[in-house]
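Peer 1: One structure, as C-alpha cells, below. Some questions next.
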Amino acid sequence: MEFLQSLLNALPGAVGQGLIWGIMAIGVYITYRVLDVADLTVDGSLATGGATCVLLTLGGMNVYLAMLCAVLAGMLAGLVTGLFHTRCGIPAILAGILTQLALYSINLRIMGWGTSAGTQATLAIRVDNFDLAVSSRYIRELSLNNPIPLLLLAIALLIGLLYWFFGTEIGCAIRATGANRNMARAQGINTGRNTVLGLMISNGLVALSGALLAQYQGSSTIDMGRGAIVIGLAAVIIGEVIFSKLFRNFALKLLACVIGSIIYYVVIQIVLRLGLDTNDLKLFTALIVAIFLAIPYWKGQLSVRSKSRVNQAKEEKNNA
Amino acid sequence: MLELRHVSKTFHPGTVNAKTALHDLSLTLNDGDFVTVIGGNGAGKSTMLNAIAGTFPIDTGAILIDGKNITGLPEHKRASFIGRVFQDPMVGTAGSMGIEENLALAARRGKHRGLRWGISKIEREDYRALLASLGLGLENRLSTRAGLLSGGQRQALTLLMAALVQPKLLLLDEHTAALDPKTAEKVLELSDSIVSENHLTTLMVTHNMRDAIAHGNRLIMMSEGEIVLDISGEEKKRLTVEDLLERFSAAAGTELSNDRILLGA
C-alpha cells in the first residue's frame, strides 16, 4: 500500500518528465527512423538548449523568445554535424560525437557568459523570480501553473507542425533521402542537403526539450544531456514495440514516441521504488535499450534457423 | 544527343586493386537511338551508365548531353534529364513509402521542391490511370508501400517513374536481370512501349544476347572498358547470336567466354 502511495505521488512528475523528454524522443525519431542516421549530437544539443534558454531568461528576455533562441542554437549544432557528415565525409556517428564533444566546451562558455571565470557548469533559475513556462514545483497542483496541460498543448502543436512539414514536397524529399538515398538522387533530390536539414530539425527539437527541462528542474547543467540519445532511443523503441501495429499514420508514430517516453519514466519510478540505486539508472537504461534493439535481430535469426530446419527436413524426406 | 568524349575511369588507382573500368571511351548517341549494350563481366557496361548518371566523377574526358557539358554536374542535378532503372529492384523505389508517394517524388524530378503538399488530388487520379495501364492491379493499391511489391512490380513502377518527367536519356542497367524469365519479358515489353511512346533516347545494358538483338536500333558490345563492336540499322536487324559471337572474337581477339552472358533462352 505504501509502495502504491509513493508511486502515485511520483506519477505526475514522471508524466511531466516523460512529456518533456518526449519532445526529445521525437527529435531522435526524425534522425534514427526518418533519416536513418544515428545522431549523437543530441547529448550536447540538449544541454545547449537548456543553457541558452536559461542564460537569456536570466538576462531579461521573454522565456518563450529564449526558447526560440534555444531551438535555433540546437539547429546550429545540427547544421555543424550535418556539414561534418556531408561536406567533410565523416561518418554520421563520428560527426555527431565530434559536435557533441565540442558542445561540452561551448555549453560551459554559454553558462559562464558574463562571469569572471568565463565558464560555468550549472546555471540556476528560480521560478519565483522569473516567469517560466514550466516548473516541477507545480506538477502536483491543480492550477494553471501545472506544466502538464501546457506540455500537452505544445506537443500537440509540434506533432501537427511536423505532420504538415513531412507531408510537403521538402518533407517528402527528406523522407525519401532516409528511405533510399540512391533512389532519392536518381529522382533529383539533393540527399546531402536534406540530411543536413533533417539533422537541424531534429536538434532544434532536442534543444527545445533541453530548454523546457532546464526550466522544469530549475537549472541548466553541463551533464543534463549525458546519455540523452539512449533515453530518446528507449522512448522511440518502447513506443514502436507497443504501438507499431496500431499506429500507421506519421503523426501517430510521433505520438507513440511521446507515450514511449512517459512509459519509460513511469517504469523508472517503479524500479527506483523497488530499490534500484539512482546511480545504476544509466546502466539499467542501457541494458533495456540493448535488449529491445537486439530482439528484432534475434527474431530474424530464429526464423532463418527454423526455415533452414524445415528445408532440411524436406530434403531428408525427399532423399528417403 | 549524348556524347562521351575519351572518358576514362580507374577505380582504386595506385593500389594493387587498381581497375581500369573505362578506357578512353567515346560514344555518340543520336536523338531517339535505342542502344543495347552487351559485354562480359567487368567490361565496363554499368560503369559507363553510372559515369553518365554521375554516380562518381570520371578521371578524364567529357560527357555532353545536347551539346551541354555535364561532366561536373552532381548526380541529383543530372537526374532532371536522365531517367534510370537499376538492376536491383530495391534500388529504384523507396520501399517504406507508398506507390503514389514514389510517383509524386518522381513527378518533381528537376523541379523546385517547396512547402506545397507533396501530392495533390489531381495527381493521384493521374497516377491511378497511369498504373492501370500497366495491368498489374496497382491502381487500387496507391498507398501500398513499394517494399511490399514483387521485383517485377517494383521495376515496372521504377520505369513509370523514370519516364514520368520526360527525360532526355533513359538508362536501363540490366533492369531485368533479377527477375524470372516471364516477368523479365513483361518488363522488357513495358520498356519498349515506354521508350517508343515517349521517343526516348535509351541505353539498355543486358546480359542476354537475344534481348540485345531483339530490342533497340543499335547494339554495342564492350570489353575491358572499350567499345569493340557497334552495329546499327539493317545490319542489326539481320544479326544472329552466332554472328555476334563470331564478330566479338574477331574484334576483341579473345573468345567470349562468360558464364553470365546468356546466349539466349
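Peer 1: What is the number of the single condition among (1) at pLDDT 95 or above; (2) surrounded by fewer than 23 Cβ atoms within 10 Å (Cβ to Cβ) that A:Ser116 does not meet?
Peer 2: The failed condition is (1).
Peer 1: Specify which of the listed residues (A:Arg175, A:Arg185, A:Arg181) is assigned by TED's automatic domain parsing to the domain that holds A:Tyr32, in contact (Cβ under 8 Å) with a residue 40 or more places away in the chain and within 25 Å of B:Ala146 (Cα to Cα).
Peer 2: A:Arg175
Peer 1: Let me ask something additional. Just give me the residues in segment B:20-46 being among the polar types (S, T, N, Q) and over 17 Å from B:Val85 (Cβ atoms), in sequence order.
Peer 2: If the condition is that a residue be among the polar types (S, T, N, Q) and over 17 Å from B:Val85 (Cβ atoms), then B:Thr20, B:Ser26, B:Thr28, B:Asn30, B:Asn41 are the ones that fit.
Peer 1: Next question, about the same structure. Hey, A:Asp223 hits all of (1) of a type in the set (D, E, K, R); (2) more than 22 Å from A:Gln120 (Cβ to Cβ); (3) in a loop (DSSP other than H, G, I, E, B) but one; which does it fall short on?
Peer 2: (2)
Peer 1: Of A:Asp43, A:Asp36, which residue is assigned to a loop (DSSP other than H, G, I, E, B) and assigned by TED's automatic domain parsing to the domain that holds A:Leu94?
Peer 2: Within the list A:Asp43, A:Asp36, the selection yields A:Asp36.
Peer 1: Looking at segment B:150-189, which of its residues are surrounded by fewer than 19 Cβ atoms within 10 Å (Cβ to Cβ), in contact with a strand residue (DSSP E or B) (Cβ under 9 Å, 6 or more places away or on another chain) and assigned to a helix (DSSP H, G or I)?
Peer 2: Selection gives nothing.
Peer 1: Sort through A:Val127, A:Val134, A:Val196 and tell me the only one that's in contact (Cβ under 8 Å) with a residue 24 or more places away in the chain, in a helix (DSSP H, G or I) and over 18 Å from B:Arg108 (Cβ atoms).
Peer 2: On inspection, the qualifying residue turns out to be A:Val196.
Peer 1: Okay, next question. Pull up segment B:98-136, narrow it to residues that are more than 20 Å from B:Leu149 (Cβ to Cβ), open to solvent by 60 Å² or more (accessible area, probe 1.4 Å) and not hydrophobic (A, V, I, L, M, F, W, C), then point me to the one that is nearest to the other protein chains (Cβ to nearest Cβ).
Peer 2: The extreme case among them is B:Arg116.
Peer 1: Scan segment B:74-94 residue by residue and report those that are of a type outside the set (A, V, I, L, M, F, W, C) and either touching a Cys at 6+ places or on another chain (Cβ under 9 Å) or more than 7 Å from chain A (Cβ to nearest Cβ) (or both).
Peer 2: B:Pro74, B:Lys77, B:Arg78, B:Gly83, B:Gln87, B:Asp88, B:Pro89
Peer 1: Quick one: which of A:Leu255, A:Leu233 is under 30 Å from A:Arg109 (Cβ atoms), touching a Phe, Trp or Tyr at 6+ places or on another chain (Cβ under 9 Å), in a helix (DSSP H, G or I) and in the same structural domain as A:Leu19 (by TED's automatic domain parsing)?
Peer 2: The conditions single out A:Leu233.
Peer 1: List the number of the failed condition for B:Arg154; all other conditions in (1) within 11 Å of another protein chain (Cβ to nearest Cβ); (2) among the charged types (D, E, K, R); (3) without any contact (Cβ under 8 Å) to a residue 60 or more places away in the chain hold.
Peer 2: Tallying (1) within 11 Å of another protein chain (Cβ to nearest Cβ); (2) among the charged types (D, E, K, R); (3) without any contact (Cβ under 8 Å) to a residue 60 or more places away in the chain, B:Arg154 fails exactly one: (3).
Peer 1: Also, I was wondering about something else. For the list (1) open to solvent by 20 Å² or more (accessible area, probe 1.4 Å); (2) more than 7 Å from every other protein chain (Cβ to nearest Cβ); (3) under 16 Å from A:Asn182 (Cα atoms); (4) touching a strand residue (DSSP E or B) at 6+ places or on another chain (Cβ under 9 Å), I need the number of the one condition that B:Thr71 fails.
Peer 2: In the conditions (1) open to solvent by 20 Å² or more (accessible area, probe 1.4 Å); (2) more than 7 Å from every other protein chain (Cβ to nearest Cβ); (3) under 16 Å from A:Asn182 (Cα atoms); (4) touching a strand residue (DSSP E or B) at 6+ places or on another chain (Cβ under 9 Å), B:Thr71 misses (3) alone.
Peer 1: Keeping to segment B:23-57, report how many residues are open to solvent by 30 Å² or more (accessible area, probe 1.4 Å), assigned to a loop (DSSP other than H, G, I, E, B), within 23 Å of B:Pro13 (Cα to Cα) and not hydroxyl-bearing (Ser, Thr, Tyr).
Peer 2: Number of matching residues: 4.
Peer 1: Tell me which residues, restricted to segment A:158-182, are facing another protein chain (nearest Cβ under 7 Å) and either under 11 Å from B:Trp117 (Cα atoms) or part of a helix (DSSP H, G or I) (or both).
Peer 2: A:Gly167, A:Thr168, A:Glu169, A:Ile170, A:Gly171, A:Cys172, A:Ala173, A:Arg175, A:Ala176, A:Ala179, A:Asn182 - these are the residues of segment A:158-182 that are facing another protein chain (nearest Cβ under 7 Å) and either under 11 Å from B:Trp117 (Cα atoms) or part of a helix (DSSP H, G or I) (or both).
Peer 1: Quickly run through segment B:190-209 and pick out the residues that are over 21 Å from B:Met48 (Cβ atoms), polar (S, T, N, Q) and open to solvent by less than 30 Å² (accessible area, probe 1.4 Å).
Peer 2: none
The values are calculated or read from the model by the stated rules, or taken from the named source; none is laboratory data. Just so it is clear, the model here is predicted, and its values are computed rather than measured. Positions of Cβ are backbone-derived with ideal geometry, glycine not excepted, and every protein chain shown enters the neighbour counts. Keep in mind that these areas ignore ligands, DNA and RNA; they rest on the heavy atoms of the full protein, side chains included. Shrake-Rupley method; radii C 1.70, N 1.55, O 1.52, S 1.80 Å.
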